[in-house]
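Student: Below are the C-alpha cells for one structure; questions will follow.
The values are calculated or read from the model by the stated rules, or taken from the named source; none is laboratory data. Not measured: the values here are computed from a predicted model. Neighbour counts are summed over all protein chains in view; Cβ atoms, including those assigned to glycine, are modelled from backbone coordinates with ideal geometry.
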Amino acid sequence: MDLRSTLNLPDANATIPMKANLPILEPSIFVGWEEQQIYHRIQQSRLGAEAFVLLDGPPYTNSPIHIGTALNKILKDFVLKSRTMMGYRTPYVPGFDNHGLPIEQAVAKKFAEKKITPTVLELRKACRAHAAEYCEIQTKQFKRLGVFGLWEKPYQTMDYRFEAGIVRVFKRLVAGGHVYKGLRPTLWSPTSRTALAESEIVYRDHVSKAIYVRFPLRTDPDQLLTKFQNVHTIIWTTTPWTIPANLAVAFHPEMDYAVVRVNGRPGPAFAEETDETATYVILDALVEKVATTLGWKNFEVLEQFPGLNLTGVEFSHPIFDRPSISVMADYVTTEDGTGVVHTAPSHGRDDFYTGQKYGLPVPNTVDERGVLTHEAGEFEGTFYKNCDTVVVNRLLEVDALLSVKDFHHSYPYAERDELPVIFRATEQWFVAIDPMRHDMLTAIEEVNWVPPQGQNRIDAMVRHRPDWCISRQRPWGVGIPVFYGAKSRVPVLDETVIEHVARIIEAEGSDAWFERSAADLLPAGFIHPATGETEFEKETDVLDVWFDSGAVSLCVLEGEVYPEWKEHYPADLFFEGSDQHRGWFNSSLVLGMGCRAVAPYKAVVTHGFVTDGEGRKISKRLGNGVDPVVAADQYGADVLRLWVASVNYENDAPVSDAILKSVGEVYRNVRNTLRFLLGNLGGIPADAAVTLELDHWVCEQADLLVADVVDAYARYDFGAVTTAVNQFCLNQLSKFYLDAIKDRMYCEAQESAERISGQAASAYVLERLVTLVAPILPFTAEETWQKMASEGVVPATFSVHAELFRQPSEERMAEIEASPRQVHFAALRALTDEVAALFEKWKVGAGIKNGEDAVVRLPEVKQAGLESFSIAELALFLRFSWVEIGGEEIAFESSPYLRCERSRLRRPDVSVVVIDGAEVPLSARDRRVIGV
RNA sequence: GGGCUUGUAGCUCAGUUGGUUAGAGCGCACCCCUGAUAAGGGUGAGGUCACAAGUUCGAAUCUUGUCAGGCCCA
C-alpha cells in the first residue's frame, strides 16, 4: 500500500511557488495593477474616509533615478500603503522638478556638440523636451519599484498651469509686501556681460596686485585705542578695484589682535626710511609675518585683545571721507594678510552677508562692462583692471599704501571664454525674511519633526538665513513677472498685472514671457502707476527653482492648478532626505508662511543618505553606487524594498551587492512561510474553526503581532516592522508552530477536527501576515493574496492593497493579555530549548541522530504549567517520538517502540498490521485514519 | 573651519529612566531531515559596545577629548 498517498501533504499547486523569480513575476503583477487602475480603485475604496496627505517632494528630472531617489520614494510608499491599510484615504500626487541649471547645462552641452548656438527660446524648448523625457523615464522606474500614485497626472513644475500657479504664488507674496528689489554680488563676466553660475566657472592661475592698505582710526567709543598715537588698521587685498566699494573692515571676534607700535618705515615710494611713528591693529598671530613683508625694523607689541573688543570702532576709508566700520566675521583666517579683512558688500559673498548683518548698503560701483560707475567717485570710468595702477597710485598719494606686489593665485574664470570674472553687485529680487522670521520659528515648533533633531537643524537654518534672493539670470525657469518703465526703469509690482501674465502663461506656458513683447504681456492700455509711462520692458530674471518647489504645497493642495489635486492644507507629512532642511522644507516654509501664515506641513520625517557597504558616500567617480532599477531587475523590487525597510533610515543607509543578497535571504524566509501556510489550506471548509490550544495560541500571537506592527507603521518605524515579521515567521512559525502541527496536518483525516483547527489557525495567521507585509512587499503580498482568493481562503478582492490591517479589538487584546496560553507556551518554549541543547550533547555518545528515534524523560517539575498538554502533544512540541514523565533530571534513551511507517513516530501504540500481504507497523491513529 | 548627526558580532539592526553573563536576523561551522526539499530543523563559534580620560558602588548608556563616516554650510 502506498502510505504516502494517504497523507495530506502540502499542495504545491495550491500555493505560491517557492522560487519567486521576482524579476519576471513583478512585471506581470504590475500589468494587472495597471489594467485595473489600482491607484484609483484604492482611492475609491476610501471615499469618505479621513485623508492622510503626504506631499511629494519632487525629484529633479535630469537623469534616471538613483538609489537615493529610490530609497525616498519607497519610504513614502511604505507610508502611503500602510496608512491606506489603516483605513485612511491616501491621495498621492507625485511630482517632478523641471526647471533649473543642471537641465539647462545638459541641453547646452548637446547644442555645443552640434556647434549650434541656440536662441533663448530654442534652448528653453530643448530643456522642456529633456525634462519631459526624464519625467517619463522616472515614472516608469518608480512604477517598477511598486510605487502607487496619480502617475497619469503628476505635478510637473514646467506644466503650463503649474507655471501659472508659481506666478500666482509670486503674486501673493507681492500682495503681502514680501518682495523687494535689492543688490547682491554675482559672479559676472565683463566680457560677455552676463551673470554666471558657480558651475560655469573654472579656476585658473592668475597674477593679481596684492596690496596692503592702512585705514586710520576714526571713532573709538570705548576709548580702546585713543591713547595710542597715529592709529591704523591694515588690510590686505588682491583686488584694488574693490577699494572704492570698501565699507567695513572685518575682525575675528575670538582671535587676539595686537596693538603694534612701529617706529619708522619705508616711505611712500618704498625707498627711503621715514621717521613716522604709527600704531597698527592687526592679528597678533600675523605680526611677525606682516613686519617682514612691510619692512618694519623697529616695532613693539603694546597690547592684545580679542577682536570682539573692536565692536563699534570705526576706521576711515583711505581715499573717501567716510567711515569703514569694524565688523565681526568668523571667516577671518591666519593664512594670508593681516587678519583684518577688507569688506566690500558689492564684491564678495562673505562681504555681502556680513554687510547684510550690519545693515550696510551695496554700492553699485562697477557696471556691466566692468567699468567703475559714479558711485566709485573719482574713479568713474576706469576699467576695473586698470585700478591696479589708478587706485594703487591714489593710495600711494594719500599715504595709505604700505606694500604692493604681484601675487600668484587661482582665480575664477568663465568657462565659456576663458577670461577672468568679477564679483559685481547686480539688481536682484528678494523675499524678505526678517518680518516673517519670528512666525516661522514659532511655526517650526508646532511641527512634529521625526527624528526630533530635525527641529534643531531647521531652526538654526531659519534663524540665520539671510533674505532669499529669488532672481536667477538664467533662461530655463519661470520669468519674474515684473515690468519696468522703459525710461524710468521703475518696476511695476502689481497684482492685476501679474494675474494678467498668469493667465497668458496658463494658456501658453512660461515661454510666452520670452516670446511676447512687454506690451503684449500687459493689459491693453496699461499705464505705469508711478510714472505714467506707457512704454515698458520686461524683467529678464527667472525665479530660483527653489521657488518652484517651495510653491508645490500651495499649487497642489489648494487645487487651483488642477482641481483633482485639492486636499487639506497643510499636508500631514513631508518625507525627504535630511538635506532638505536647507532646501525644500525651508523654501516651502517661507512660501507657506508668506502666503497663508501657516507651515505647509504638520509633520516632517527625514532620512539619511545611501552610502556604499563601507559607509562611504556614493559618487560617480568611485562607481560605488547601486542602480535601483538594475537591482530590482536582478533581485526583485520587493527585495530592494525590504532593504529599505531593514535599514535605519534615520542614519545613513548602506547598500551593496552583499547587503542585498542577505536581504534576499530574509525575503525567502518570509516567502516560504507564506507559501507553507497557504500550502496547508487545501480543502479548508468555509466554517473552519479553531479548537485546539496550540492553534488558539498561534492566533493570539498573530494578533499581538498585528498590534505591534501596525503601531510600528504608525511611527514610520519600518525596521521594527521587518524585524517583528521576520522573527514571527522564524521563531513562532517555522521553528515551532508549523513543525508542531505537521503531524496532524499530514496524518490526520482530512476532515478531522484537529486538522481543520490547524487549517483555521493557519488561515488566520496567513491573512494577518500577508496584509502586514503588503506595504513592504507589495508584489509578493498581491501574489499571495490572489492565490489565497483563488483557493477560497479569503473572498476574492481586487487587491490586497485595498484591504485593512486585521487589527484586534481592544477586547481581544485584553483577552490575550489575560490568556493563560501565553504563560503555558512561554514555559513550553523555554523547555524545548533546554531539551534540544541537552539532546545535542547526549546524542553524540548514544549514536542516535534524530529525536524521532529517542524518548525523552522529563522530571515532573519540568511539566509544571504544561499539564494541559497530552503526552502525545508534548512529544510533538519537543520534536521527539515520545515523552515519559519521571526521574530527577531531563534524560534520553533510545526508543524501544516500533516506528510507525506512516507517521514516522515511535510510540507505544504502534503495532504491526498486515496490508496487502505486507507487514506494516502503524500507530493507532494512523490505523484509524486509513481504516485498517 | 562651523551647525546637525552617526560609530554595538563579518553584514543589517535591537538595546527602555545608568543595574545580572550586551541581544536578534543574515552569514559562518558542525549535525539532523529528505513528507516546506534550489526548502525545513538542531547546536555552536563570533563583541575591550570606535579610541582615551572622567563622573559613579556600577557606564554600550552620562561628561570631555581624539579618530573615522554622513548631510548642510563656509
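Student: I'm trying to understand the selection: among the residues of segment A:6-60, which are more than 26 Å from the chain's Cα centre (by Cα), within 16 Å of RNA strand B (Cβ to nearest atom) and assigned to a loop (DSSP other than H, G, I, E, B)?
Tutor: Across segment A:6-60, the qualifying residues are A:Leu7, A:Asn8, A:Leu9, A:Pro10, A:Asp11, A:Thr15, A:Ile16, A:Pro17, A:Met18, A:Lys19, A:Ala20, A:Asn21.
Student: Looking at segment A:107-132, which of the residues that are among the charged types (D, E, K, R) and touching a residue at least 24 places away in the same chain (Cβ under 8 Å) is surrounded by the fewest Cβ atoms within 10 Å (Cβ to Cβ)?
Tutor: A:Lys125
Student: Out of segment A:621-639, which residues are among the small types (Gly, Ala, Ser), surrounded by 15 or more Cβ atoms within 10 Å (Cβ to Cβ) and in a loop (DSSP other than H, G, I, E, B)?
Tutor: A:Gly625, A:Gly636
Student: Moving to a separate point now. Which condition breaks for A:Phe215 when tested against (1) in contact with a Gly (Cβ under 8 Å, 6 or more places away or on another chain); (2) of a type outside the set (A, V, I, L, M); (3) assigned to a strand (DSSP E or B)?
Tutor: The one condition A:Phe215 does not meet is (1).
Student: What are the pairs, 6+ residues apart or on separate chains, where a residue within segment A:166-187 that is more than 18 Å from A:Met436 (Cα to Cα) has its Cβ under 8 Å from a residue that is among the β-branched types (Val, Ile, Thr) and part of a helix (DSSP H, G or I)?
Tutor: A:Val167/A:Ile498; A:Val167/A:Val501; A:Val167/A:Ile505; A:Arg168/A:Ile498
Student: Okay, next question. Hey, does segment A:864-873 have a residue that's within 27 Å of A:Leu7 (Cβ to Cβ), touching a strand residue (DSSP E or B) at 6+ places or on another chain (Cβ under 9 Å) and either of a type in the set (Lys, Arg) or in a loop (DSSP other than H, G, I, E, B) (or both)?
Tutor: Within segment A:864-873, none of the residues are within 27 Å of A:Leu7 (Cβ to Cβ), touching a strand residue (DSSP E or B) at 6+ places or on another chain (Cβ under 9 Å) and either of a type in the set (Lys, Arg) or in a loop (DSSP other than H, G, I, E, B) (or both).
Student: Could you list, in sequence order, the residues of segment A:310-358 that are hydroxyl-bearing (Ser, Thr, Tyr) and surrounded by fewer than 23 Cβ atoms within 10 Å (Cβ to Cβ)?
Tutor: If the condition is that a residue be hydroxyl-bearing (Ser, Thr, Tyr) and surrounded by fewer than 23 Cβ atoms within 10 Å (Cβ to Cβ), then A:Thr311, A:Ser316, A:Tyr331, A:Thr333, A:Thr334, A:Tyr353, A:Thr354, A:Tyr358 are the ones that fit.
Student: Related question: Output the residues belonging to segment A:892-932 that are surrounded by 21 or more Cβ atoms within 10 Å (Cβ to Cβ), part of a loop (DSSP other than H, G, I, E, B) and among the hydrophobic types (A, V, I, L, M, F, W, C).
Tutor: Residues satisfying the conditions are A:Cys900, A:Leu905, A:Val910.
Student: Scan segment A:828-853 for residues that are within 7 Å of RNA strand B (Cβ to nearest atom), not basic (Lys, Arg) and not in a helix (DSSP H, G or I) and jot them down.
Tutor: Result: A:Asn850, single match.
Student: Could you list, in sequence order, all residues of segment A:814-827 that are among the aliphatic types (A, V, I, L, M) and either within 16 Å of RNA strand B (Cβ to nearest atom) or not in a helix (DSSP H, G or I) (or both)?
Tutor: Hits for segment A:814-827 are A:Ala818, A:Ala826, A:Ala827.
Student: Another question, if that's okay. Any residue that is hydrophobic (A, V, I, L, M, F, W, C) and out of contact with any helix residue (DSSP H, G or I) (no Cβ under 8 Å at 6 or more places or on another chain) - is there at least one of those in segment A:101-111?
Tutor: no
Student: Which pairs do you get when a residue that is surrounded by fewer than 19 Cβ atoms within 10 Å (Cβ to Cβ), found in segment A:430-444, comes within reach of a residue that is of a type in the set (Asp, Glu), reach meaning Cβ atoms under 7 angstrom, with the pair 6+ apart or on two chains?
Tutor: As it stands, the answer is A:Phe430/A:Asp467; A:Ala432/A:Asp467; A:Ile433/A:Asp467; A:Leu441/A:Asp459, since those pairs meet every condition given.
Student: Can you tell me which residues in segment A:917-932 are of a type outside the set (Gly, Ala, Ser) and within 16 Å of RNA strand B (Cβ to nearest atom)? Step through it out loud before you land on a result.
Tutor: As a first pass, look at segment A:917-932 and keep what is of a type outside the set (Gly, Ala, Ser): A:919-922, A:925-930, A:932.
Hits for segment A:917-932 are A:Val920, A:Pro921, A:Leu922, A:Arg925, A:Asp926, A:Arg927, A:Arg928, A:Val929, A:Ile930, A:Val932.
Student: Give the number of residues within segment A:520-536 that are within 28 Å of A:Leu123 (Cβ to Cβ), loosely packed, with under 14 Cβ neighbours inside 10 Å and touching a residue at least 12 places away in the same chain (Cβ under 8 Å).
Tutor: So the count comes out to 1.
Student: On the basis of being over 30 Å from A:Ala645 (Cβ atoms), at pLDDT below 95 and among the aromatic types (Phe, Trp, Tyr), does A:Tyr160 make the cut?
Tutor: So A:Tyr160 fails the test.
Student: Note down all Cβ pairs under 7 Å where the first residue falls in segment A:823-843 and is at pLDDT 90 or above, the second is assigned to a helix (DSSP H, G or I) and within 11 Å of RNA strand B (Cβ to nearest atom), and they're at least six residues apart or on different chains.
Tutor: Within 7 Å, the pairs are A:Arg829/A:Phe736; A:Thr832/A:Leu878; A:Val835/A:Leu878; A:Phe839/A:Gly851.
Student: Within the bounds of segment A:873-886, is there any residue that is small (Gly, Ala, Ser) and either surrounded by fewer than 13 Cβ atoms within 10 Å (Cβ to Cβ) or within 11 Å of RNA strand B (Cβ to nearest atom) (or both)?
Tutor: Yes, there is a match, as at least one residue in segment A:873-886 is small (Gly, Ala, Ser) and either surrounded by fewer than 13 Cβ atoms within 10 Å (Cβ to Cβ) or within 11 Å of RNA strand B (Cβ to nearest atom) (or both).
Student: Next question, about the same structure. Looking at segment A:710-757, which of its residues are surrounded by 19 or more Cβ atoms within 10 Å (Cβ to Cβ), among the aliphatic types (A, V, I, L, M) and within 14 Å of RNA strand B (Cβ to nearest atom)?
Tutor: If the condition is that a residue be surrounded by 19 or more Cβ atoms within 10 Å (Cβ to Cβ), among the aliphatic types (A, V, I, L, M) and within 14 Å of RNA strand B (Cβ to nearest atom), then A:Ala712, A:Val721, A:Ala724, A:Val725, A:Leu733, A:Leu738, A:Ala740, A:Ile741, A:Met745 are the ones that fit.
Student: Would you please list the contacts, defined by Cβ atoms under 6 Å and residues six or more apart or on different chains, that run from a residue in segment A:639-668 that is over 19 Å from A:Val629 (Cα atoms) to a residue that is more than 8 Å from RNA strand B (Cβ to nearest atom)?
Tutor: Short answer, once both residue conditions are applied: A:Tyr649/A:His607.
Student: Okay, moving on. How many residues are over 24 Å from the mean Cα position of the chain (by Cα), within 7 Å of RNA strand B (Cβ to nearest atom) and among the polar types (S, T, N, Q) when one looks only at segment A:621-675?
Tutor: Going through segment A:621-675 one residue at a time, the tally reaches 4.
Yes or no, residue by residue, for (1) among the small types (Gly, Ala, Ser); (2) at pLDDT below 95; (3) within 16 Å of RNA strand B (Cβ to nearest atom); (4) surrounded by 17 or more Cβ atoms within 10 Å (Cβ to Cβ):
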| residue | (1), (2), (3), (4) |
| --- | --- |
| A:Trp476 | no, no, no, yes |
| A:Gly479 | yes, no, no, yes |
| A:Val482 | no, no, no, yes |
| A:Arg489 | no, yes, no, no |
| A:Val497 | no, no, no, yes |
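Student: Then there is this: Counting only residues that are aliphatic (A, V, I, L, M) and in contact with a helix residue (DSSP H, G or I) (Cβ under 6 Å, 6 or more places away or on another chain), how many does segment A:464-513 have?
Tutor: Adding up the residues that qualify gives 9.
Student: List, please: which pairs have Cβ atoms under 9 Å, are six or more places apart or on different chains, and start with a residue in segment A:730-751 that is β-branched (Val, Ile, Thr) and end with one that is near RNA strand B (Cβ under 9 Å from one of its atoms)?
Tutor: Final answer for the pair search is A:Ile741/A:Asn680.
Student: Same structure, new question: Inspect segment A:279-294 for any residue being modelled with pLDDT of 85 or more, in contact with a Leu (Cβ under 6 Å, 6 or more places away or on another chain), surrounded by 16 or more Cβ atoms within 10 Å (Cβ to Cβ) and not in a loop (DSSP other than H, G, I, E, B) and give the result as yes or no.
Tutor: Looking only at segment A:279-294, we keep the residues that are modelled with pLDDT of 85 or more, and these are A:279-294.
Applying the additional criterion that residues be in contact with a Leu (Cβ under 6 Å, 6 or more places away or on another chain) yields A:294.
Subsequent filtering for residues that are surrounded by 16 or more Cβ atoms within 10 Å (Cβ to Cβ) retains A:294.
After this cut, where a residue has to be not in a loop (DSSP other than H, G, I, E, B) as well, the list is A:294.
Looking through segment A:279-294, at least one residue is modelled with pLDDT of 85 or more, in contact with a Leu (Cβ under 6 Å, 6 or more places away or on another chain), surrounded by 16 or more Cβ atoms within 10 Å (Cβ to Cβ) and not in a loop (DSSP other than H, G, I, E, B).
Student: Taking A:Glu767, is it part of a helix (DSSP H, G or I), free of Cβ contacts under 8 Å to residues at least 40 places away in the same chain and under 26 Å from A:Gly149 (Cα atoms)?
Tutor: yes
Student: Among the residues in segment A:410-419, are any touching a residue at least 24 places away in the same chain (Cβ under 8 Å) and within 16 Å of RNA strand B (Cβ to nearest atom)?
Tutor: yes
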